[in-house]
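Colleague: I am attaching a structure below and will ask some questions about it afterwards.
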Amino acid sequence: MAPDDRSAPILLSPPDVGPLEEAYLASALRSGWVAPLGPDVEAFEAELAARAGRRHAVAVSSGTAALHLALLALDTGPGDVVVVPTLTFVATANAAAYTGAEPVFVDCDPATGNLDPALLRETLDRLRTGGARIAAVLPVDMFGSCADYARILPICAEAGVPVVEDAAEALGAVRDGRPAGAFGRAAVFSFNGNKIITTSGGGMLVTDDADLAGRARYLATQARQPVPHYEHTDIGYNYRLSNLLAALGRAQLARLDTMIARRRQLRERYAKLLAAVPGVRLLADDDAGANCWLTTLVVDPAEAGWSAADLAARLAQERIETRPVWKPMHLQPVFAGARAFLTGAAERLFAHGIALPSGSGMGEREIGRVLRTIEGFVHGR
Ligand SMILES: *Cc1c(COP(=O)(O)O)cnc(C)c1O
């Protein structure tokens, strides 16, 4: 961006890459390990497993692939049910659909947007009474705040249902002293372009279960049997991450804590600006362990006198990108008719939420422009 270009667009969460990423990529290229696998994949897996407090990690081509593999490794298939929060990115529900299982949606806690534990218990009871085989529950760590695992894990254990943590948005977050990715039988991360770290596209499955990791690794490499000729007894997938992208991921991971610190600073600036504004709150604002991936406002239009959409429109005039909270899965045409256990919380967050620019690469000029625009908007109402 030219320094004098005051109207350059400000994006929600663009990739934050620089000289370290360049050096790691160049070194991977020069090493001759371009693709598919290589030493950077192994090192990235080891480093990410350590960060998530897990024994095993499998680097794959996307977070969606990691979710799909986790479900397949748990033997999910047609006739099964997979419990998914209705408030999530579509990938969580799609992964269930890929296996032929039926996604069943559950509403969220209005304060955090994360899976509502009491409603989850009721859902599992109802599904079991109806005779369903529940293959897995997939809690999502919304916008970088871990779900309430202290309540969710015992509920699922009691029902005998494995948990796969969708930590796609939550790398580096902490809950109850444990890192995101440490909860449940397995967990997944995404390194898509706008996530907290990026490999331009990529994901990771982490677990303490050696058999599950082995099964996922096997399915991710076309289910090739360990014999010299190409022998296959299962349908497999081409889901592995390339060595070049793993090198990029290692550079990003080395900078993760710095990037989280910057996102937290941005969140604090937004919080300070809006603290005295009636009818406005931050989603999950009391979560000190969040990685602050996206700072999200929830606006009560009756109290504030303006809506999240009004603010989004004003910011768009200044070429400042915002995004609504995920449109709930039970409202998606593709999942019309799916079973859903609802309180209305996700629909309200969809109607009243707005995610603000939160990228760790955002400079002082840019955050200043966003804050001034919001301030002008609020005071002009
Ligand atoms: C981004 C995301 C995914 C999917 O990750 P990709 O790497 O884009 O496939 C899954 N779940 C959630 C909640 C996400 O935000």
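Colleague: For the chain, what is the accessible area per residue in Å² when the probe is 1.4 Å?
Modeller: For the chain, the solvent-accessible area averages 41 Å² per residue.
Colleague: Still on this structure: Compute, for the chain, the length of the dipole vector about the Cα centre, with Cβ point charges of +1 (Lys, Arg) and -1 (Asp, Glu) only. Units Debye, rounded to 20.
Modeller: Around 400 debye, computed over the chain.
Colleague: What number comes out for the charge environment of Gly53, summing +1 per Lys or Arg and -1 per Asp or Glu over other residues with Cβ under 10 Å away?
Modeller: In short, +3.
Colleague: What's the extension gain from Ala288 to Ala302 if we count 0.36 nm per residue and subtract their Cα-Cα distance?
Modeller: 2.1 nm
Colleague: Could you compute the FRET efficiency for Ser200 and Leu342, with r as their C-beta to C-beta distance and R0 at 41 Å, rounded to 0.05?
Modeller: Calculated value: 0.65.
Colleague: What percentages make up the Cα-Cα pair-distance distribution of region 180-287 when the bins are 10 Å wide from 0?
Modeller: 12, 28, 29, 17, 9, 4, 1
Colleague: Also, quick follow-up: What full-extension length gain, to one decimal in nm, is calculated for Ala157 and Ala26 as 0.36 nm per residue of separation minus the Cα-Cα distance?
Modeller: Result for the pair: 42.5 nm of gain on full extension.
Colleague: Quick one: with all protein chains in place, what share of the accessible area of region 256-380 is carbon or sulfur, to the nearest percent (1.4 Å probe)?
Modeller: In region 256-380, the share of accessible area belonging to carbon and sulfur is 52 percent.
Colleague: Roughly speaking, what is the stretch gain from Asp310 to Asp234, that is 0.36 nm per residue apart minus the C-alpha to C-alpha distance, in nm to one decimal?
Modeller: Length gained between Asp310 and Asp234: 22.1 nm.
Colleague: For Asp208 paired with Arg133, estimate the spin-label separation in nm (one decimal), with each label point 7 Å from Cα along the Cα-to-Cβ line.
Modeller: 2.7 nm
Colleague: Okay, next question. Put +1 on the Cβ of every Lys and Arg and -1 on every Asp and Glu Cβ in the chain; which of Leu248, Leu119, Met362 then has its Cα farthest towards the positive end of the dipole?
Modeller: Working it through, the farthest residue towards the positive pole turns out to be Met362.
Colleague: Let me ask something additional. Select from region 40-125 those trypsin sites (Lys or Arg not before Pro) which occupy a DSSP coil region and have at most 11 other Cβ atoms within 10 Å, ordered by residue number.
Modeller: Details: sites: Arg51, Arg54, Arg55, Arg121; in loops: Arg54, Arg55.
Counting only loop positions with at most 11 other Cβ atoms within 10 Å, none of the trypsin sites (Lys or Arg not before Pro) in region 40-125 qualifies.
Colleague: For a label point 7 Å from the Cα of Glu122 along Cα→C-beta, name the residues of region 312-341 whose backbone N is under 12 Å from it.
Modeller: So the set is 341.
Colleague: Sticking with the crude label model, points 7 Å out along Cα→Cβ, report the distance from Leu12 to Glu375 in nm, one decimal please.
Modeller: 2.6 nm
Colleague: Something else now. Counting only helical runs of four or more DSSP H residues, what would the 222 nm mean residue ellipticity of the chain come to if each run contributes -39,500 (n - 2.57) and the total is spread over all its residues?
Modeller: Mean residue ellipticity, 222 nm, calculated: -12000 deg cm²/dmol.
Colleague: Counting only protein heavy atoms and a 1.4 Å probe, tell me what percentage of region 14-126's accessible area is made up of carbon and sulfur.
Modeller: In region 14-126, the share of accessible area belonging to carbon and sulfur is 58 percent.
Colleague: Which of Ala49, Ala26, Ala8 sits closest to the plus end of the dipole of region 4-59, meaning its Cα is farthest towards the positive end, when Lys and Arg get +1 and Asp and Glu get -1 on the C-beta?
Modeller: Ala49
Colleague: Along the charge dipole of region 256-380, which of Leu349, Gln332, Val299 sits closest to the positive end, that is, farthest toward it, with unit charges on the beta carbon of Lys, Arg, Asp and Glu (+1, +1, -1, -1)?
Modeller: Comparing the listed Cα positions along the dipole, Gln332 ranks first.
Colleague: Follow-up question, since we're still on this one. Let me check I've understood the local charge: for Ala118, count other residues with C-beta under 12 angstrom from its C-beta, Lys and Arg +1, Asp and Glu -1. What total comes out?
Modeller: Around Ala118, the surrounding residues sum to -4.
Colleague: Now, a different point. Quick check: pseudo-label points 7 Å beyond the Cα along Cα→Cβ at Ala271 and Ala50, how many nm apart are they?
Modeller: It works out to 3.0 nm between the two label points.
Colleague: At q = 0.14, 0.15 Å⁻¹, what is the base-10 log of I(q)/I(0) for region 289-381 according to the Debye formula with one equal point scatterer per Cα and no solvent? Please give it to two decimals.
Modeller: -0.61, -0.69
Colleague: Just to confirm a number: summing +1 for Lys and Arg and -1 for Asp and Glu over residues other than Ala246 whose beta-carbon lies under 11 angstrom from that of Ala246, what do you get?
Modeller: Charge balance near Ala246 sits at -2.
The values are calculated or read from the model by the stated rules, or taken from the named source; none is laboratory data. Only a predicted model underlies this, so the values are computations on that prediction, with no experimental measurement involved. Every residue, glycine as well, gets a Cβ built from its backbone with ideal geometry; the counts of neighbours run over all protein chains shown. Note: areas computed on protein heavy atoms with side chains; ligands, DNA, RNA excluded. Shrake-Rupley method; radii C 1.70, N 1.55, O 1.52, S 1.80 Å.
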